[in-house]
1. Could you look at region 332-426 and say what percent of its accessible area is carbon and sulfur, using a 1.4 Å probe and all protein chains?
2. To the nearest 0.05, how large is the calculated FRET efficiency for residue 45 and residue 282 if R₀ is 41 Å and r is the Cβ-Cβ distance?
3. Looking at the chain as a GNM with Cα springs under 10 Å, which of 146, 303, 81 has the largest mean-square fluctuation?
4. Between residue 273 and residue 419, what length in nm is gained on full extension when 0.36 nm per residue of separation is reduced by their alpha carbon distance?
5. Using the basic label-point model (7 angstrom from Cα toward the beta carbon), what is the residue 324 to residue 3 distance in nanometres?
6. Quick one: Karplus J couplings for region 333-345, per residue in order, coefficients 6.51, -1.76, 1.60, θ = phi - 60°, nearest Hz, x for Gly and Pro?
7. Rounded, prolate or oblate: which fits region 77-121 when a ≥ b ≥ c are the square roots of the eigenvalues of the alpha-carbon gyration tensor, with rounded for a/c under 1.5 and prolate only if a/b beats b/c?
8. Modelling each spin label as a point 7 Å along the Cα-to-Cβ direction, I'd like the residue 211/residue 30 distance in nm, to one decimal.
Amino acid sequence: MNTCLLSELTGKEKMKNASLLSYFTVYSDNDGNVELLPADNHAAAYPLVFNSRQNSVTRGEINFFNKPLITNYYKRCPIEMSRVEWKLKSIQQSKCLVINLLDNCYGHSLLKMFNLQPLFSEYSGEFDLMVIVHKSIAAFLPSEKMHLCIVSVPFYDLENCYELDVILDEVRKNYSDYDVAFLNTYFNYPERNILIEFFNLTSNQAGKPPSRSIIFYYRKDPKRSWGLSKQRKRIIKFFKLLRSYFDESIPLIVIGEKDDKLFPPFILDQRCEKFDDPMEFKYNDLLTECLFVTGVHGSHLIMPSLLARQVFHLVPVHKWRNVSEDAVNFSDGIVSSYLRNIHLSGSFSLLFYSAKKAAEKCTGLYLASLEKEFKLKSEEYCKHGMGQTEYLTKNNPFFNVKKAIKLKNKKEKQALRLLKVIRRLV
């Protein structure tokens, strides 16, 4: 679905009489029926109507998404004003578009945030934008283009259905009309650079030289780790194997959540104990210039999927159905989009996905991305009078292109030999 207004899906009357409860938009009638309105693609996918007097579901079914609504609806309370910060700009239009980026998950809030660019492009000529945003991502928003209502509540706590009437009251007080934006976490964006340029995602240090690196994004939660207790050893071996293909000018960096695990000096440990705005901008600067990022599938890889040249998502078996979700979705060609975000599937908790296998796949697929870039622009490179291998070797002196090609050829020959043996046996 492209950009859309909630009133177009529900009708003006329902939208105008709707309430915002944290990240849910609901309509209730005089008979006690409460309807979850489709203000985002999750609410549209999992419709729900329940009767608050009889405590019964009359449409839809309870699931992971709407369970917090029906569980906490009866305990809802107004949000404390001490948790709300306003950043209001001058009023330009007579109508206002309310855009609620809140969610119980950082990743979902971030994916909702990217909707602001197409929404601004489509509606800013008719509406001023009032954006309800979690404090952790507020610094990324261009406050000069929209009103901000910044909410300081832990993500998990937003399941408690905070009444946000105070925000709608502010809108009604200053505008003759308003609407609510439909948000899509799978929005199909046309161009990567347009999205990057709209937001404040990096520190924008003028004259800063590019800093190429290879990054592993670390999560300390065992359920989100690479091989449970084996994660540290896996990362060390992974980087050691990569070092044989990338020279010393390319730093090997681990970012993410800090714990008591230590890394040897050849790995630059940039993990943090707290994610604040300066740290987020520091990470985004690193992501913008790096060769590629590797990490276990999760919302921490959403920003790399936008900023980094290439991301390798290690996907445990219980997350296979979520493949491609924790990435920003672009409508560019299949070659470019596939090589930008590659999902490497493994076993439970990636317990048996070895560092050797990961390093060889990342090296081979990094090489493939360079080769495809050459082929996609080969008409330009023909002017240099060089073939692909010669050109890649000259323009990537930090990467042992010929050794990587040798690895690729070796793996292909091994696979073909094994295939011949199997064909003889069957």
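The values are calculated or read from the model by the stated rules, or taken from the named source; none is laboratory data. This structure is a prediction, so every number in the text was calculated from the model and none was measured. As a convention, Cβ positions derive from the backbone with ideal geometry for all residues, glycine included, and neighbour counts pool all protein chains shown. Protein only, heavy atoms only, side chains kept; ligands, DNA and RNA dropped before computing areas. Shrake-Rupley method; radii C 1.70, N 1.55, O 1.52, S 1.80 Å.
1. On the way: 3620 of 6080 Å².
Here it works out to 60 percent.
2. Values: r = 36 Å, r/R0 = 0.88.
My answer for the efficiency is 0.70.
3. Comparing 146, 303, 81 in the GNM, the peak value goes to 81.
4. Numbers: separation 146, 0.36 × 146 = 52.56 nm, distance 4.87 nm.
Extra length available between residue 273 and residue 419 comes to 47.7 nm.
5. 2.5
6. x, 5, 5, 5, 5, 5, 6, 6, 10, 10, 9, 9, 7
7. Values: a/c = 2.36, a/b = 1.09, b/c = 2.16.
Cα axes put region 77-121 in the oblate bin.
8. The two pseudo-label positions are separated by 6.4 nm.
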